[in-house]
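Data block below; observations after.
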Amino acid sequence: MVRELITIKDYEKISKDNEYFIWNFISKKEQSHLEIYSYFKEYGVKHELKALLDLIDIPYFESYTEDSFDFLVNLEINPDGLWTRNIGFNPVLVGFNKKRKITSTLNGHCYCKEGILDLILDLNPKFILDCKLD
């Protein structure tokens, strides 16, 4: 299972090495009101993203929205969805097929467990059909 912290400098390599992948852009400022947070952090509560990705073998990458703003805008992600006054930078999860952005949590999918499942289904249902359910 691929689970990596990366920067946008890694885009060429990961898009070449992975036919399908999801890329989570999170805020450096922790937002406790969110159900989904960094795959690489633990807060002592159920980690919805980690639980989901333990079942679904899709390559997962993570970066900061603040460091990737121009990259995201160049992917035609609405900049208004990436920033909220008095809150700051917002997270967004993006589904890719090689270099092509297919969908994101700003395209009708919530930034929640169900939204991520829907995003993966839109990207390629094979990942859900092949998941490791007991």
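The values are calculated or read from the model by the stated rules, or taken from the named source; none is laboratory data. Just so it is clear, the structure is predicted and the values come from calculations on it, not from any experiment. Counting neighbours? That spans all protein chains shown, and the Cβs are built from the backbone with ideal geometry, glycine included.
Looking only at residues in the range 19-40 that are free of Cβ contacts under 8 Å to residues at least 60 places away in the same chain and under 15 Å from the mean Cα position of the chain (by Cα), the one that is farthest from residue 117 (Cα to Cα) is 40.
Summed over the range 94-134, the residues that are of a type outside the set (Gly, Ala, Ser), touching a Leu at 6+ places or on another chain (Cβ under 6 Å) and under 21 Å from residue 13 (Cβ atoms) give a count of 2.
Could you please let me know if residue 126 is loosely packed, with under 15 Cβ neighbours inside 10 Å and touching a helix residue (DSSP H, G or I) at 6+ places or on another chain (Cβ under 6 Å)? So residue 126 does not fit the description; no. Consider the range 7-18 and keep the residues that are in contact with a strand residue (DSSP E or B) (Cβ under 7 Å, 6 or more places away or on another chain) and either surrounded by 14 or more Cβ atoms within 10 Å (Cβ to Cβ) or without any contact (Cβ under 8 Å) to a residue 24 or more places away in the chain (or both). The one that is nearest to residue 68 (Cα to Cα) is 8.
One line per residue, one yes/no per condition, for (1) among the acidic types (Asp, Glu); (2) modelled with pLDDT under 95; (3) closer than 18 Å to residue 121 by Cα:
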site	(1), (2), (3)
39	no, yes, no
42	yes, yes, no
47	no, yes, no
51	no, yes, yes
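Taking the range 18-71 as the range and being basic (Lys, Arg) and farther than 20 Å from residue 129 by Cα as the test, the residues that pass are 28, 29, 41, 46.
Against the numbered list (1) among the hydrophobic types (A, V, I, L, M, F, W, C); (2) surrounded by fewer than 16 Cβ atoms within 10 Å (Cβ to Cβ); (3) more than 22 Å from residue 13 (Cβ to Cβ), residue 40 comes up short only at (3).
Restricting attention to the range 93-123, the residues that are surrounded by 14 or more Cβ atoms within 10 Å (Cβ to Cβ), charged (D, E, K, R) and assigned to a strand (DSSP E or B) total 1.
Consider the range 90-134 and keep the residues that are within 19 Å of residue 17 (Cβ to Cβ) and among the aromatic types (Phe, Trp, Tyr). The one that is modelled with the highest pLDDT is 96.
Of all residues in the range 57-92, those being outside any strand (DSSP E or B), in contact (Cβ under 8 Å) with a residue 60 or more places away in the chain and touching a strand residue (DSSP E or B) at 6+ places or on another chain (Cβ under 8 Å) number 4. Screening residue 59 on (1) more than 12 Å from the chain's Cα centre (by Cα); (2) crowded, with 16+ Cβ neighbours inside 10 Å; (3) not charged (D, E, K, R) shows it passes everything except condition (1).
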